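What follows is a short report on a single structure.
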């Protein structure tokens with residue numbers, strides 16, 4: 001059985017401008033959305049606060065729950081239905097950070113039991129103090145940062161045999177981060193600065209494969225974040241894990257295409273770069289679609305059947321895998337092409 | 001060729017056997033004694049999110065420990081000064097830095113300095129400007145000693161809490177120190193989180209203080225607090241309405257006796273009111289002190305203060321010898337039992353604050369496991385069917401690899417006695433999707449080679465060879481991400497990183513090594529002519 005006929009030749013690279021416009025629009029939309037919302041929607045893991053998951057005996061409206069919480073002055077919390085319908089489960093989010101957080105779970109339980117009887121079941125309580133929230137946020141950002149750094153080093157070293165260059169890049173980057181962190185810059189800005197530095201260094205040190213791969217990764221994570229903001233989902237620790245998995249997945253895809261490009265560049269030295277690239281994408285297309293397909297199957301299974309706690313995690317993976325597959329074809333490779341056109345050997349010959 | 005095939009098959013079978021052996025304890029639950037003597041008995045542990053339980057991060061208020069230490073030193077020094085006949089005007093703690101002292105006479109300076117360097121090596125004496133001809137000194141606590149005190153406080157808090165939890169009875173608790181004076185506590189399977197928090201978080205500082213009977217509380221409340229006195233409250237909660245009632249007490253600041261002399265605390269039932277109370281016993285020194293205090297203050301009231309709240313203030317009827325006392329209050333049996341535990345385990349050296357709490361009820365954990373496995377089963381079956389339909393016999397071989405992969409991940413979890421969390425299950429599910437990737441890459445290459453007109457045997461050979469580099473590249477980068485996740489992640493995220501990492505390594509083994517054996521057996525040894533791919 002075959003989905004993709006051998007010898008297929010779709011002109012992916014020729015449609016790169018459409019793809020760029022599409023990607024650009026999505027990224028722009030994400031940025032606008034995030035600015036409009038005043039930053040990402042942090043869950044209790046990062047913002048601090050309390051989250052309580054309760055199971056009621058009968059259908060209850062969020063408004064009724066809020067009313068019951070008024071007794072303990074927690075009626076300004078956010079109450080949402082959660083999980084499958086007919087389970088009567090609700091999430092209560094309390095954003096207060098100035099009060100004693102440790103007893104809130106208890107107070108919620110008590111007030112709900114007085115209002116709805118003893119059948120109320122507290123299924124989960126997550127309390128994160130403001131200081132811990134800040135720590136976790138930093139940890140998560142550093143995790144993203146380090147994974148991108150190590151990946152950049154690995155790709156440049158592995159693909160272009162420029163281990164020395166990639167080590168130089170790592171040292172430069174570590175230096176810049178060290179200096180800027182000395183000025184007390186917030187971690188968010190630190191990451192943005194680090195990313196810009198990484199990209200500039202890739203450009204100047206001629207690490208084109210790393211450049212393509214990293215831009216594709218940023219593209220995927222940003223767009224997934226956009227979908228998160230659009231569907232009003234919260235960022236939590238496990239979502240960060242999902243983002244990093246997307247990073248790994250997107251890279252996996254990109255590397256397989258890049259591997260083919262390098263192989264074909266050696267085989268067909270005389271062919272124009274653009275043609276070789278397009279051929280490589282087409283040759284790996286069957287694999288790309290198949291692997292994305294099987295991965296999507298299991299993620300959809302998780303998304304539909306995995307239950308409320310894992311729902312957002314599966315959603316992140318779902319969006320990420322789709323966007324990651326798209327970006328390895330339409331973003332990572334065309335960036336190689338643009339780089340080759342601007343800075344590559346052919347461009348230099350013309351000059 | 002066939003010789004190497006035998007070898008490889010042996011390795012593969014051995015690997016599978018080892019994996020099965022590692023999995024047996026997790027599947028059967030209990031292993032016979034002969035098994036645990038020679039074979040692995042570690043089980044896959046379920047994370048708190050799957051089995052239910054409680055995850056707490058406490059912050060030891062280490063500054064308070066320094067404060068306490070300085071207060072103690074002040075008391076000690078007062079005694080020493082009296083002994084040395086050095087008279088002072090003031091002697092008190094100055095923030096967290098040290099102690100200030102104003103001496104009465106200039107000539108006492110050398111005696112004082114000698115006393116400090118001999119008895120208080122942790123302090124540096126600094127002369128301050130004189131006040132009205134009286135010498136003023138500052139005793140600065142050495143920063144190293146400060147760090148030592150904080151470290152000790154954290155260690156002691158950890159030991160005390162471990163003691164309390166052990167006495168409370170939790171199976172496999174995990175208590176460990178973390179940076180920034182924090183303690184991480186994991187209590188699997190705990191049902192009453194409220195009670196656990198009360199038990200762990202209580203400082204349990206027990207003090208006995210005399211009630212000041214000469215002055216009136218009302219006067220003191222208006223702001224005329226007699227020197228050496230303090231106001232503490234008795235808080236009683238009405239069980240029906242939940243209302244708090246606070247009764248003020250005017251107490252002597254000086255502590256007559258503390259809980260550090262306790263040797264035992266037990267729950268007993270009052271036969272008259274059928275209410276539980278806690279009976280405590282002091283050691284010899286404590287008993288002597290108690291006898292002294294009670295003997296000197298007959299018909300006066302002695303307040304029992306727990307963590308700054310007055311528990312009760314009974315009138316001393318007679319001198320109490322033998323070192324026994326009772327703490328009464330309107331306790332439930334559980335409350336009395338927990339109070340006895342915390343008193344037995346001793347007070348925390350400094351108060352602790354709960355800065356993170358995650359509690360998962362047992363029913364939710366069970367739900368999560370069920371749903372996780374259900375999605376794994378259904379997703380897995382679809383992928384398996386799909387591969388078999390798409391690649392024919394080769395698809396079956398890939399499916400075999402996939403199933404063995406799951407076996408190896410599970411065995412790997414048991415081997416590292418790693419913790420399986422909900423995101424961990426997601427990691428396994430993800431590996432199911434991604435582990436076929438290696439085989440897809442190989443099969444697509446083989447198909448390409450076949451199209452070029454190669455025989456099955458050579459097609460397989462070059463297909464594997466060409467795909468190998470790509471597979472390694474792709475899997476290694478994912479492994480990098482997984483390792484970073486492991487390094488920076490906490491709790492469930494770590495569980496995800498663990499399963500992902502094990503999954504990547506296992507899938508390299510199954511997808512490249514194991515499938516190749518089957519292919520070689522079919523198309524080299526049996527010389528099957530038609531390649532089903």
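Computed from the coordinates by the stated procedures, all read-outs in this text should not be read as laboratory data. Note that the structure is predicted; figures quoted are calculated from it, not measured. Quick reminder, even Gly has a Cβ in these numbers, built from the backbone with ideal geometry, and neighbours come from all protein chains shown.
Residue B:105 versus residue A:204, label points 7 Å from Cα toward the beta carbon: distance in nm?
7.5 nm
Using only the C-alpha atoms of the stretch A:49-128, find the volume of their convex hull and express it per residue in Å³.
Output value, Cα hull per residue: 76 Å³.
Given a Förster radius of 30 Å and the C-beta distance between residue B:526 and residue B:382 as r, what FRET efficiency does 1/(1 + (r/R0)^6) yield to the nearest 0.05?
0.45
Taking a ≥ b ≥ c as the square roots of the Cα gyration tensor eigenvalues, with a/c under 1.5 meaning rounded and otherwise prolate when a/b beats b/c, else oblate, which class fits the stretch A:161-227?
Here the stretch A:161-227 falls in the oblate category.
What translational diffusion coefficient, to the nearest whole µm²/s, does the stretch B:329-466 have by Stokes-Einstein, given a Kirkwood radius computed over alpha-carbon pairs, a temperature of 20 °C and 1.002 mPa s viscosity?
Approximately 108 µm²/s, per Stokes-Einstein.
If each residue of separation counts as 0.36 nm, what is the full-extension length gain between residue B:332 and residue B:159 once their alpha-carbon separation is subtracted?
59.6 nm
Suppose only helical runs count, i.e. DSSP H with n ≥ 4. What mean residue ellipticity at 222 nm does that imply for the protein assembly as shown under -39500 (n - 2.57) per run, divided by all residues and rounded to the nearest 500 deg cm²/dmol?
For the protein assembly as shown, the value works out to -20000 deg cm²/dmol.
Which number do you get for Rg(Cα) / (2.2 N^0.38 Å) in the protein assembly as shown? Each step should come with its number before you reach the end.
Values: Rg = 34.4 Å, N = 884, 2.2 N^0.38 = 29.0 Å.
That works out to 1.19 for the protein assembly as shown.
Using the alpha-carbon atoms, what tilt in degrees (0 to 90, nearest 10) does helix B:362-391 show relative to the longest principal axis of chain B?
20 degrees
Measuring from label point to label point, each 7 Å out along Cα→Cβ, what is the residue A:119 to residue B:321 span in nm?
6.4 nm
Among B:387-400, A:61-74, what's the highest-first ranking by average C-beta atoms within 10 angstrom per residue?
Going from most to least packed, we get B:387-400, A:61-74.
Using the number of other C-beta atoms within 10 angstrom as an exposure proxy, rank B:283, B:108, A:220 with the fewest first.
Ranked by crowding around the Cβ, least crowded first: B:283, B:108, A:220.
What list do you get for B:217, A:125 if you sort them by fewest beta carbons within 10 Å?
Placing the least packed residue first, the sequence is B:217, A:125.
For the stretch B:269-364, what percent of Cα pairs sit more than 21 Å apart?
48 percent
Could you work out how far helix B:109-119 tilts from the main Cα principal axis of chain B, as a 0 to 90 degree angle to the nearest 10?
Approximately 40 degrees, to the nearest 10.
Could you compute how fast chain A diffuses translationally, taking Rh as the Kirkwood radius over C-alpha pairs and applying Stokes-Einstein at 10 °C with viscosity 1.306 mPa s? Give it in µm² per second.
70 µm²/s
Say we join alpha carbon atoms closer than 10 Å with springs in a Gaussian network model of chain A; which of A:218, A:104, A:18 then has the biggest fluctuation?
Between A:218, A:104, A:18, it is A:18 that shows the largest mean-square fluctuation.
What is the average number of partner chain Cβ atoms found within 10 Å of a Cβ in A:314-326?
1
Looking only at other chains, what is the average number of their beta-carbon atoms within 10 angstrom of each beta-carbon in A:113-123?
2
Translational diffusion coefficient, Stokes-Einstein: compute it for the stretch B:1-127 using the Kirkwood radius over C-alpha pairs as Rh, at 4 °C and 1.567 mPa s, and state it as an integer in µm² s⁻¹.
60 µm²/s
Give me the distance in nm between label points sitting 7 Å out from Cα along the Cα-to-Cβ direction at residue B:14 and residue B:214, one decimal.
Between residue B:14 and residue B:214, the simple spin-label model gives 8.8 nm.
Restricting to Cα atoms and excluding each atom paired with itself, what does the Kirkwood estimate give for the stretch B:375-436 in Å?
12.1 Å
Looking at the protein assembly as shown, send over the antiparallel percent of its DSSP beta bridges, to the nearest 5. If you can, show how the numbers build up before the last one.
On the way: 93 of 97 bridges.
Just about 95 percent of them are antiparallel.
Fully extended, how many nm does the chain gain between residue B:166 and residue B:39 (0.36 nm per residue separation, minus their Cα-Cα distance)?
Between residue B:166 and residue B:39, full extension yields 42.8 nm more.
For the stretch B:63-142, what class follows from the C-alpha gyration tensor (a ≥ b ≥ c being the square roots of its eigenvalues): rounded when a/c is under 1.5, otherwise prolate if a/b is larger than b/c, else oblate?
Here the stretch B:63-142 falls in the prolate category.
Across peptide A:128-134, what mean number of C-beta atoms from other chains lies inside 10 Å of a residue's C-beta?
Rounded to a whole number, the mean comes out at 4.
Relative to a virtual label point 7 Å from the Cα of residue A:1 in the Cα→beta-carbon direction, which members of the stretch A:274-302 show backbone nitrogen distances below 17 Å?
Within reach of a label on residue A:1, which here means backbone N under 17 Å from a point 7 Å along Cα→Cβ, the stretch A:274-302 contributes A:286-298.
How do A:288, B:90 line up, fewest other C-beta atoms within 10 Å first? Let's see the in-between values first.
Working: A:288 22, B:90 11.
Arranged by neighbour count, lowest to highest, A:288, B:90 become B:90, A:288.
List residues of the stretch B:18-33, by number, whose backbone nitrogen lies under 13 Å from a label position 7 Å along Cα→C-beta of residue B:373.
B:26-29
Report, for the stretch B:63-142, the % of DSSP beta bridges that are antiparallel, rounded to 5.
Details: 18 of 18 bridges.
Just about 100 percent of them are antiparallel.
Mind ordering B:428-440, B:310-322 by average Cβ neighbours within 10 Å, highest first?
Descending packing order for the listed peptides: B:428-440, B:310-322.
Let me check I have the definition right: for chain B, take the eigenvalues of the Cα gyration tensor, multiply each by 5, take square roots. What are those semi-axes in whole Å, largest first? Working shown, then result.
Values: eigenvalues 988, 163, 70 Å².
Semi-axis lengths for chain B are 70, 29, 19 Å.
Using the 2.2 N^0.38 Å rule of thumb for compact globular proteins, work out how the stretch B:202-355 stacks up: its C-alpha Rg over that value, please.
1.06
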